[in-house]
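What follows is a set of notes on a single structure, which appears directly below.
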Amino acid sequence: MPSSEHNLLFAIDKLYEAALEPSRWEDALDAVSQATGGIGAVLVPIAHPEKTISSASLLDANAAYTREWSAFDTRSKSDFARGLRKTIVTDGDILTQADMARDPFYQEFLRSFDLEYFAAYLSTPAPGSIVSLSVQQALGKGPFEREQLDILAKIGPHAARALALSARIGPREVEVQSDLVALVNRLDCGAIVVSRRGNVVALNANAEGFQGDGFTVTRRRLVASSCAGQSALDRLLHTAFNQESDNIGVLSLPRPSGNRPLVLQATPLAKEFFPGHLTKKPGFVLVLVFDLERGGGSSNSVALRSLGLTPAEVGVATLIGSGLSPQETSDDLGVSVDTVRTHLKNINLKLGLRRQGDLVRLVTRLQIVK
């Protein structure tokens, strides 16, 4: 993927992250600036310039702007901007070169921060409001070129949607994310929560410990250590986001260390976790990560023993419930496949289960309730 396209997609992704978590707007504007080739970017509510948000590179300039210079901003005060007759606006749409040479905003404010030309995408994210997504050019670099304006035109609509989404959601999503973090921190195994947009929104310490050996979290994305593993991981998440909440997908993920593969289980989060936040299709998937080198965990063993299973049956139930096949379980325990199948038959009879998938669901539920 060309770097310009990558930067464009990255900026769009960051804008939607900021819509759900307002503290990320600074990062989103940094990404917008990088995608368009500017030195910085700002969001300016035309009617309320004191609420302007900027990328990190323009923090000092933004402080001076909101403190005193917004009252002299020829660009935001122009009839052109207020009339919203065009979505992309540049200096040349508002002022002539002679006007800019005489304008205090350009000559005193912008030049004092080594800034000069700008380009802005104007939108109305809410009725009666006009917001400018503005990128700023460094002093001496000249006006933005056509290619840069085209990129801004592609980013602008997403910024408008992100602003509108942010206004509708308010602080609610932050509460949801806090619930997700609390959930994964209660689990004995590795646990990761992935949003429908593919972002990792929660990761517990056990999952952190597996990073670099099977998967990593890069730019908030869950990335497998191999291309084949990535394809399988993508399919696992896609399936989980488009199936009923009782179904659990299972994946064996190879590890560069040569250790036994990690077993990943993916299930849509049940609606009772976050009432009112999920539509018919879940917004989040919970991925549980099991290390077969370490076994299934003492809390699982105690719970299964309390359900009437023998120690041998607990061993089989733990491995089968983690997603292994009878043959893999046989190899791991050093017993015959027939022995595993006999134990599995007894487990199903004792627990009232019908299929291997039922055992996977049961073991998962036991893992969740710490």
Filtering the stretch 3-29 for residues that are farther than 19 Å from Glu145 by Cα and either of a type in the set (D, E, K, R) or not in a helix (DSSP H, G or I) (or both) leaves a count of 7
Flagged in the stretch 219-244 as at pLDDT 90 or above and among the β-branched types (Val, Ile, Thr), in numbering order, are Val223
Output for Cβ contacts, cut-off 6 Å, separation at least six or different chains, first residue β-branched (Val, Ile, Thr) in the stretch 89-107, second in a helix (DSSP H, G or I) and surrounded by 11 or more Cβ atoms within 10 Å (Cβ to Cβ), reads Ile94/Arg75; Ile94/Phe80
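Rundown of residues vs (1) surrounded by 23 or more Cβ atoms within 10 Å (Cβ to Cβ); (2) modelled with pLDDT of 85 or more, yes/no style:
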site	(1), (2)
Pro256	no, yes
His277	no, no
Pro282	yes, no
Asp291	no, no
Gly297	no, no
Glu313	no, yes
Ser322	yes, no
Asp331	no, yes
Thr342	no, yes
Picking from Ser55, Ser23, Ser4, the residue that is surrounded by 23 or more Cβ atoms within 10 Å (Cβ to Cβ) and polar (S, T, N, Q) would be Ser55
Counting only residues in the stretch 98-136 that are surrounded by fewer than 20 Cβ atoms within 10 Å (Cβ to Cβ), closer than 25 Å to Leu163 by Cβ and hydroxyl-bearing (Ser, Thr, Tyr), the one farthest from the chain's Cα centre (by Cα) is identified as Ser129
Residues in the stretch 318-352 that are outside any helix (DSSP H, G or I) and among the hydroxyl-bearing types (Ser, Thr, Tyr) total 3
Heads up, the strands (runs of 3 or more DSSP E) in the stretch 86-161 (entirely inside) with at least 2 residues that are touching a Cys at 6+ places or on another chain (Cβ under 7 Å) are none
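The values are calculated or read from the model by the stated rules, or taken from the named source; none is laboratory data. The structure displayed is predicted, hence computed values, not measured ones. No Cβ is skipped: glycine too gets one built from the backbone with ideal geometry, and neighbour counts run over all protein chains shown.
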